[in-house]
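Structure first, then comments.
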Amino acid sequence: MAAVVATGYGRNTVRFATTTMSEITYHARGVQFFKPDARMIIEIGGQNSKVTHIADGGFVRDCAMNDRCAAGTGRFFEMLAGRLGIDLPVLGELAA
């Protein structure tokens, strides 16, 4: 093993990690590796929810995060629809 990279909410508690970095960056790199044509990640997590736009090469173009814990998931979807410039019901149709 060449390195241990810790990400996420508890990344600073992993004492043996070679480095730490935001999970946003590593999600983008991982998605780019497995699905190079993907341009968006929607993550619903326990601490927050995020939408990340990915540029060519797996770089983060933009990222928006909800303003509350996972209990604010409904608000997150409202923010996501607004960010995409669509009505909330259309977001549901696109997800189906």
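Taken together, the values in this text are just the output of simple stated rules run on the coordinates, not laboratory data. Owing to the predicted nature of the structure, the values given are computational and were not obtained by experimental measurement. Here the Cβ positions follow ideal geometry from the backbone for every residue, glycine too, while neighbour counts run over all protein chains shown.
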Item to check | Cα-centred dipole magnitude for the chain, charges only on beta-carbon of K, R (+1) and D, E (-1), debye, nearest 20 | outcome: 360
Checklist entry - Over the chain, what is the mean sequence separation of C-alpha contacts under 8 Å (at least six apart), divided by residue count, expressed as relative contact order in percent? => result 16
Checklist outcome for this item: Quick shape check on the chain: root eigenvalues a ≥ b ≥ c of the Cα gyration tensor, a/c under 1.5 is rounded, otherwise prolate if a/b tops b/c, else oblate, and it reads oblate
Checklist entry - Considering the chain as a Gaussian network with a 10 Å cut-off on Cα pairs, which listed residue, Phe16, Phe33, Phe76, attains the greatest mean-square fluctuation? => result Phe16
Checklist entry - Got a sec? How would Met79, Met21 order by Cβ neighbour count within 10 Å, fewest to most? => result Met21, Met79
Next on the checklist: I need Thr19, Thr52 ordered by Cβ neighbour count within 10 Å, fewest first.
Outcome noted: Thr19, Thr52
Next on the checklist: Sort 36-49, 81-94 by the packing proxy (mean of other Cβ within 10 Å over each peptide's residues), most packed first.
Outcome noted: 36-49, 81-94
Checklist outcome for this item: Karplus-derived 3J(HN,Hα) from phi for the range 54-66 (6.51 cos²θ - 1.76 cosθ + 1.60, θ = phi - 60°), whole Hz, x at Gly and Pro, runs 10, 8, 3, x, x, 8, 6, 7, 7, 9, 10, 10, 5
Checklist entry - How much mean residue ellipticity at 222 nm does the chain get from its helices, if each DSSP H run of length 4 or more adds -39500 (n - 2.57) and you divide by all residues, to the nearest 500 deg cm²/dmol? => result -10000 deg cm²/dmol
